[in-house]
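Student: Okay, handing you the structure first.
The values are calculated or read from the model by the stated rules, or taken from the named source; none is laboratory data. The model shown is predicted, which means the values in this text are computed figures rather than measured ones. A quick note on method: Cβ atoms are made from the backbone with ideal geometry, for glycine too, and the neighbour counts reach across all protein chains shown.
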Amino acid sequence: MASNASSQLGNKKILITGGAGFLGSHLTERLLERGEEVLVVDNFFTGSKQNLAHLLGNPHLEVMRHDVTFPLYVEVNQIYNLACPASPVHYQHDPVQTTKTSVHGAINMLGLAKRTRARILQASTSEVYGDPEVHPQPESYWGKVNPIGIRSCYDEGKRCAETLFFDYYRQHALEIKVVRIFNTYGPRMHPNDGRVVSNFIVQALQGKDITIYGDGQQTRSFCYVDDLIAAMMSMMDAPADFIGPVNIGNPGEFTMLALAEAILKLSGSKSKLVFEPLPADDPKQRQPDIALAKAKLGWQPKVALEDGLKETIAYFRQLLAT
Ligand code: NAD
Ligand code: UDP
Ligand code: UDP
């Protein structure tokens, strides 16, 4: 590990790229609670200062506007690389920038880790499995990904970032950690990011039609944000020889119809369901095999979908009221 000034004083200086986003803001909060020095770097494309507003008075937090596709010279001991738009609507808005963010961003952050000898964690994704032929998906499955479709900027960008992480590990002996995150939800999701949980909740609370894409029989497995952040931090702090990739997600698998019905019930909404075309390359099913995370990290999710949805509905109710 590095031995720069802040580590000699006892606490680590931790860089979080994409720290003003949904997951990044929760991670920032947890690390500050643990007494760490946190540097958030974000270009505010999908994240916002609002997500960090309640933390900005904390003297251990520094926030810097910066795009990770450009080099970054700072002194840190750990790097969580989260910068990348995550919802299909946002990552397809400027697909070339999405690939640059994943690939150039990874190269720059790995270069930074190489110079500072910082441990670096990559927020990878279940999208590396594409539209999977193996169910549930273990880490050993190589995936079925379209290299030229509208989701490819994200899927292939994230796959290439994993390649870079493993080559920096083999070639430069970096301390890497790769987590493959499955669909995660909770407070501070962007209300307009088009992801299914935020869409359905906002539609339900506003009395608008709930938009089911396709026949609603496709499945996803939803992990509550607190469970996800606990696993990510545990992976960062795990022994150096466990580098992943490791799946993090909640194996509970639901159809989009079942999700819509749960949200209608929990929000007391009378919204109607309407059916719209399924987007191209939309995966039919997805469920993490989390045996590796259980064995190596002693982790498994604790929050049931119903409880997590209640928290998320309460968040959006308050957000929409202001
Ligand atoms: P988000 O869009 O809320 O957060 C991404 C953050 O990255 C935002 O604050 C955004 O402004 C920032 N960003 C984007 N491009 C940047 C750039 N070039 N330079 C600097 N900052 C940039 O998304 P999220 O849900 O918090 O996702 C965080 C990470 O986790 C992403 O890497 C995503 O791919 C990964 N992930 C998330 C999920 C999920 O379900 N939420 C699932 C799998 C993987
Ligand atoms: N880099 C950075 N911060 C650093 C060190 C490197 O942003 O502190 C960037 C730099 O722009 C470089 C990239 O990381 O292009 C990869 O660095 P590496 O040392 O692996 O490669 P090289 O400098 O030899 O191209
Ligand atoms: N979806 C839907 N209605 C919406 C938004 C999404 O039926 O308003 C579907 C989408 O087609 C996909 C699933 O919900 O099958 C999850 O979509 P999301 O964009 O949240 O995540 P991803 O497809 O990246 O897993």
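Student: So which residues in region 269-311 are crowded, with 18+ Cβ neighbours inside 10 Å, of a type in the set (A, V, I, L, M, F, W, C) and assigned to a helix (DSSP H, G or I), if there are any at all?
Tutor: 292, 293, 297, 305, 309
Student: Further question: Every residue in region 34-52 that is under 20 Å from the mean Cα position of the chain (by Cα) and over 11 Å from residue 13 (Cα atoms), please.
Tutor: 41, 42, 43, 44, 45, 46, 47, 48, 49, 50, 51, 52
Student: Here's something else I'd like to know. Which numbered condition trips up residue 280, out of (1) under 24 Å from residue 175 (Cα atoms); (2) modelled with pLDDT under 95; (3) not charged (D, E, K, R)?
Tutor: Only one criterion in (1) under 24 Å from residue 175 (Cα atoms); (2) modelled with pLDDT under 95; (3) not charged (D, E, K, R) is unmet by residue 280, namely (1).
Student: Tell me, please, whether a residue that is farther than 26 Å from residue 229 by Cβ and not charged (D, E, K, R) can be found in region 173-194.
Tutor: First, pick out the residues of region 173-194 that are farther than 26 Å from residue 229 by Cβ: 173.
The next check asks that each one be not charged (D, E, K, R); those that pass are 173.
Yes - at least one qualifying residue is present in region 173-194.
Student: Give region 242-268 a look and list any residue that's small (Gly, Ala, Ser), surrounded by 17 or more Cβ atoms within 10 Å (Cβ to Cβ) and farther than 15 Å from residue 199 by Cβ, or say none. Give the steps one after another, and end with the answer.
Tutor: From region 242-268, those small (Gly, Ala, Ser) are 244, 249, 252, 258, 260, 262, 267-268; that's our starting set.
Then drop every residue that is not surrounded by 17 or more Cβ atoms within 10 Å (Cβ to Cβ), which leaves 244, 249, 260, 267.
Result: 244, 249.
Student: Is there a residue in region 59-79 that is in contact (Cβ under 8 Å) with a residue 60 or more places away in the chain, away from ligand 2 (no atom under 11 Å from the Cβ) and either over 23 Å from residue 173 (Cβ atoms) or hydroxyl-bearing (Ser, Thr, Tyr) (or both)?
Tutor: Scanning region 59-79 turns up no residue that is in contact (Cβ under 8 Å) with a residue 60 or more places away in the chain, away from ligand 2 (no atom under 11 Å from the Cβ) and either over 23 Å from residue 173 (Cβ atoms) or hydroxyl-bearing (Ser, Thr, Tyr) (or both).
Student: Count, please, the residues in region 84-126 that happen to be closer than 20 Å to residue 150 by Cα and not in a helix (DSSP H, G or I).
Tutor: 9
Student: Sticking with this one: Testing residue 235 on (1) in contact with a helix residue (DSSP H, G or I) (Cβ under 9 Å, 6 or more places away or on another chain); (2) in a helix (DSSP H, G or I); (3) farther than 24 Å from residue 307 by Cβ; (4) not small (Gly, Ala, Ser), one condition comes back false. Which one is that?
Tutor: Result: residue 235 passes all but (3).
Student: Next question, about the same structure. Being modelled with pLDDT of 95 or more, within 30 Å of residue 115 (Cα to Cα) and more than 11 Å from ligand 3 (Cβ to nearest atom), is that true of even one residue in region 211-229?
Tutor: yes
Student: Filter region 121-140 down to the residues that are surrounded by 16 or more Cβ atoms within 10 Å (Cβ to Cβ) and away from ligand 3 (no atom under 16 Å from the Cβ) and list them by number.
Tutor: Residues satisfying the conditions are 121, 122, 139.
Student: Right, something else. Search region 245-268 for residues being under 22 Å from residue 23 (Cα atoms) and in a loop (DSSP other than H, G, I, E, B), and hand back the single one that is farthest from the chain's Cα centre (by Cα).
Tutor: Across region 245-268, the extreme among qualifying residues is 252.
Student: Could you identify the single residue in 124, 102, 152 that is of a type in the set (S, T, N, Q), within 16 Å of ligand 1 (Cβ to nearest atom) and touching a strand residue (DSSP E or B) at 6+ places or on another chain (Cβ under 7 Å)? Lay out the reasoning, then the answer.
Tutor: Values: 102 fails: touching a strand residue (DSSP E or B) at 6+ places or on another chain (Cβ under 7 Å); 152 fails: touching a strand residue (DSSP E or B) at 6+ places or on another chain (Cβ under 7 Å).
Of 124, 102, 152, the one residue that is of a type in the set (S, T, N, Q), within 16 Å of ligand 1 (Cβ to nearest atom) and touching a strand residue (DSSP E or B) at 6+ places or on another chain (Cβ under 7 Å) is 124.
Student: Okay, moving on. Which residue pairs have Cβ atoms under 6 Å apart, sit 6 or more places apart or on different chains, and have a first residue in region 151-172 that is hydrophobic (A, V, I, L, M, F, W, C) and a second that is within 16 Å of ligand 3 (Cβ to nearest atom) and part of a helix (DSSP H, G or I)?
Tutor: Listed by first residue and then by second, the contacts come to 153/95; 153/98; 161/102.
Student: Output the residue which, of all residues in region 36-88 that are among the acidic types (Asp, Glu) and within 30 Å of residue 279 (Cα to Cα), is surrounded by the most Cβ atoms within 10 Å (Cβ to Cβ).
Tutor: In this case the residue turns out to be 42.
Student: In the list 113, 86, 118, which residue meets the criterion of being modelled with pLDDT of 95 or more, within 14 Å of ligand 3 (Cβ to nearest atom) and hydrophobic (A, V, I, L, M, F, W, C)?
Tutor: Details: 113 fails: within 14 Å of ligand 3 (Cβ to nearest atom); 118 fails: within 14 Å of ligand 3 (Cβ to nearest atom).
None of the others qualify; the one that does is 86.
Student: For region 141-176, which residues satisfy the criterion of being within 14 Å of ligand 3 (Cβ to nearest atom) and either in a strand (DSSP E or B) or of a type in the set (A, V, I, L, M) (or both)?
Tutor: 145, 150
Student: In addition: Here are some conditions: (1) more than 24 Å from residue 13 (Cβ to Cβ); (2) part of a helix (DSSP H, G or I). Residue 230 meets all but one. Which one does it not meet?
Tutor: (1)
Student: Let me ask another. Identify, from the list 202, 179, the residue that is in a helix (DSSP H, G or I) and either within 16 Å of ligand 1 (Cβ to nearest atom) or on the phi > 0 side of the Ramachandran plot (or both). Steps first, answer last, please.
Tutor: Numbers: 179 fails: in a helix (DSSP H, G or I).
Matching residue, one of 202, 179: 202.
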